[in-house]
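First the structure, in the form of structure tokens, and then the observations on it.
The values are calculated or read from the model by the stated rules, or taken from the named source; none is laboratory data. Computed from a prediction, not measured in an experiment: that's the story for all the values here. We place every Cβ from the backbone using ideal geometry, glycine too, and count neighbours over all the protein chains shown.
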Amino acid sequence: MGLHLSAQVAARGLDVTLEVGEDERLAVLGPNGAGKSTLLAVLAGTLRPDSGHAELDGEPLFDLGSGHWPPPHRRRVGLLAQDPLLFPHLDVLANVAFGPRAAGVGRREAEQLARRCLADVEAEDLAPRRPAQLSGGQAQRVAVARAVATDPRLLLLDEPLAALDVTLAPLVRRVLRQVLVGRTSVLVTHDLLDALLLSDRVVVLEGGRVVEAGPTAEVLRHPRTTFAARLAGLNLVLGTVDPVGVTTPAGLHVGAGTSGLTPGTAAAAVFAPNAVSVFVDAPHGSPRTVLPARVGELVPAGDAVRVSTVTTSGEPITASVTPASVGELDLYPGRDVFLAVKATAVTVYAL
């Protein structure tokens, strides 16, 4: 049961195989252009791949080998996009009832179902309003109700909170968390909080392929790709284990404890930005933990400043410093600096 998919879209570089368990909530992460929206379009039936097949709850969703490609409305797959896309000429109740009515449900039954779905998303009082009378958060809650009104076997969510401001997103996120319980779903997001609260497992797409997968908390705690590390707010250095740390192919070394790991094996060194100190002149101490780098961006982050750098061997490293330190060190984009990584704050694990 659940979803089993294999699909290839040559023009967009997509070549994906994935599984989603029954009632499992899967988040799909990845940089822009990784293939996330293409994947959802294939599942929704709006983009026909060059080859592939999928099963949903033990039944074929599509199979291009046999020419089976049902249209979107015959798939029982719901889609929730960034924009609510409500019918402007219908009131909220009619918008939510539209799907069941199109599936052949009688008017009274469809309206009763629509009211239950609106109640589930805390929007029953909005039933008589037109979309133009709704706030962004209200409209998106109505869109959630409409997406589940047809009782889809699979619910697709394409960055559903991206268009909402920070004051509206928490309520819709809470509603989604309730609605997704007991539903098989695939969520595309760039938001760490969405991934943590709305998924059981994540896959990371890069270049149209799955490069990382696992339970959400595990992937964000022990990322194996730069994208996942950045999403989790961590630095990631990939290389091989040596007796006192990890060394990259370009020769960059990060000192750390590697007890229990075999020298020469592939490994990842992960550390938080606050484990990185920034110096204008090379600091005294072990050269193994001092990394020459160049400043890229400086971004305020609460009471600190995130300093994005690239080492001379090409690895991106982010440091967290105080605003006062930015002035004292005269940090600016293009400034050459030295980074010192606190070895006791580095976690190393085998890949």
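Which count do you get for residues in region 173-190 that are surrounded by 15 or more Cβ atoms within 10 Å (Cβ to Cβ) and at pLDDT 90 or above?
Selection size over region 173-190: 12.
For region 65-123, how many residues are over 27 Å from the mean Cα position of the chain (by Cα) and of a type in the set (D, E, K, R)?
Within region 65-123, residues that are over 27 Å from the mean Cα position of the chain (by Cα) and of a type in the set (D, E, K, R) number 9.
Residue check, Leu171 against (1) under 17 Å from Glu315 (Cα atoms); (2) more than 14 Å from the chain's Cα centre (by Cα); (3) outside any strand (DSSP E or B); (4) hydrophobic (A, V, I, L, M, F, W, C), all met but one. Which one?
All conditions are met except number (1).
For region 237-254, which residues satisfy the criterion of being touching a residue at least 60 places away in the same chain (Cβ under 8 Å), more than 16 Å from Ser313 (Cα to Cα) and either touching a Gly at 6+ places or on another chain (Cβ under 6 Å) or not β-branched (Val, Ile, Thr) (or both)?
Listed by number, the list holds a single entry, Gly245.
Counting just the residues of region 232-256 that are hydrophobic (A, V, I, L, M, F, W, C) and not in a strand (DSSP E or B), which one comes out surrounded by the most Cβ atoms within 10 Å (Cβ to Cβ)?
Ala256
Condition first: more than 21 Å from Asn32 (Cβ to Cβ) and of a type in the set (A, V, I, L, M). Now tell me which residues in region 216-248 satisfy that.
Ala217, Val237, Leu238, Val241, Val244, Val246 - these are the residues of region 216-248 that are more than 21 Å from Asn32 (Cβ to Cβ) and of a type in the set (A, V, I, L, M).
Checking Thr318 against (1) at pLDDT 95 or above; (2) of a type outside the set (A, V, I, L, M); (3) touching a Gly at 6+ places or on another chain (Cβ under 7 Å): exactly one of these is not met. Which one?
Checking Thr318 against (1) at pLDDT 95 or above; (2) of a type outside the set (A, V, I, L, M); (3) touching a Gly at 6+ places or on another chain (Cβ under 7 Å), the one that fails is (3).
Which ones in region 89-123 are among the small types (Gly, Ala, Ser), assigned to a loop (DSSP other than H, G, I, E, B) and more than 20 Å from Arg174 (Cα to Cα)? Steps first, answer last, please.
Residues of region 89-123 among the small types (Gly, Ala, Ser): 94, 97, 99, 102-104, 106, 110, 114, 119, 123.
Going one step further and asking which of them are assigned to a loop (DSSP other than H, G, I, E, B), we end up with 103-104, 106, 123.
Result: Ala103, Gly104, Gly106.
When you go through Ala54, Ala41 one by one, which is the residue that is surrounded by 16 or more Cβ atoms within 10 Å (Cβ to Cβ), part of a strand (DSSP E or B) and small (Gly, Ala, Ser)?
Working: Ala41 fails: part of a strand (DSSP E or B).
From the options Ala54, Ala41, the qualifying one is Ala54.
Give all pairs with beta carbons closer than 9 Å in which a residue from region 56-77 that is more than 19 Å from Thr17 (Cα to Cα) meets a residue that is acidic (Asp, Glu); count only pairs at least 6 apart in sequence or on separate chains.
As it stands, the answer is Arg76/Asp151, since those pairs meet every condition given.
Does region 139-156 hold any residues that are of a type in the set (Val, Ile, Thr) and either free of Cβ contacts under 8 Å to residues at least 24 places away in the same chain or more than 16 Å from Arg174 (Cα to Cα) (or both), and which are they?
Once the filter is applied, which keeps residues that are of a type in the set (Val, Ile, Thr) and either free of Cβ contacts under 8 Å to residues at least 24 places away in the same chain or more than 16 Å from Arg174 (Cα to Cα) (or both), region 139-156 yields only Thr150.
For region 257-285, which positions are in contact with a Lys or Arg (Cβ under 9 Å, 6 or more places away or on another chain), among the β-branched types (Val, Ile, Thr) and either surrounded by fewer than 17 Cβ atoms within 10 Å (Cβ to Cβ) or not in a strand (DSSP E or B) (or both)?
Val280
Could you grab me the full set of residues in region 1-38 that are in a loop (DSSP other than H, G, I, E, B) and touching a Leu at 6+ places or on another chain (Cβ under 7 Å)?
Gly30, Ala34, Gly35
Give Glu212, Glu218, Glu297 a once-over and let me know the one that is of a type in the set (Asp, Glu), closer than 21 Å to Gly314 by Cα and at pLDDT 90 or above.
Only one candidate qualifies: Glu297.
Restricted to region 174-206, and to residues that are among the hydroxyl-bearing types (Ser, Thr, Tyr) and in a loop (DSSP other than H, G, I, E, B), which residue is nearest to Gln82 (Cα to Cα)?
Taking region 174-206 as the starting set, the residues that turn out to be among the hydroxyl-bearing types (Ser, Thr, Tyr) are 184-185, 189, 199.
Restricting the remaining residues to those that are in a loop (DSSP other than H, G, I, E, B) gives 184, 189, 199.
Numbers: Thr184: 19, Thr189: 10, Ser199: 18 Å.
Looking at the filtered set, the residue picked out is Thr189.
Could we say that Leu85 is aliphatic (A, V, I, L, M), at positive phi and in the same structural domain as Arg173 (by the TED database) here?
Values: aliphatic (A, V, I, L, M): yes; at positive phi: yes; in the same structural domain as Arg173 (by the TED database): yes.
The answer is yes for Leu85.
Only one of Val326, Val346, Val321 is more than 24 Å from the chain's Cα centre (by Cα) and closer than 28 Å to Gly214 by Cα. Can you tell me which?
The match here is Val346.
Residues checked against (1) buried (at least 17 other Cβ atoms within 10 Å of the Cβ); (2) at pLDDT 95 or above; (3) outside the structural domain of Gly182 (by the TED database); (4) part of a loop (DSSP other than H, G, I, E, B):
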{"position": "Asp125", "(1), (2), (3), (4)": "no, yes, no, no"}
{"position": "Pro128", "(1), (2), (3), (4)": "no, yes, no, yes"}
{"position": "Ala132", "(1), (2), (3), (4)": "no, yes, no, no"}
{"position": "Gly137", "(1), (2), (3), (4)": "yes, no, no, no"}
{"position": "Gln140", "(1), (2), (3), (4)": "yes, no, no, no"}
{"position": "Asp151", "(1), (2), (3), (4)": "no, no, no, yes"}
{"position": "Leu157", "(1), (2), (3), (4)": "yes, yes, no, no"}
{"position": "Ala162", "(1), (2), (3), (4)": "no, no, no, yes"}
{"position": "Asp165", "(1), (2), (3), (4)": "no, no, no, yes"}
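Would you call Leu86 assigned to a loop (DSSP other than H, G, I, E, B), touching a residue at least 40 places away in the same chain (Cβ under 8 Å) and buried (at least 20 other Cβ atoms within 10 Å of the Cβ)?
yes
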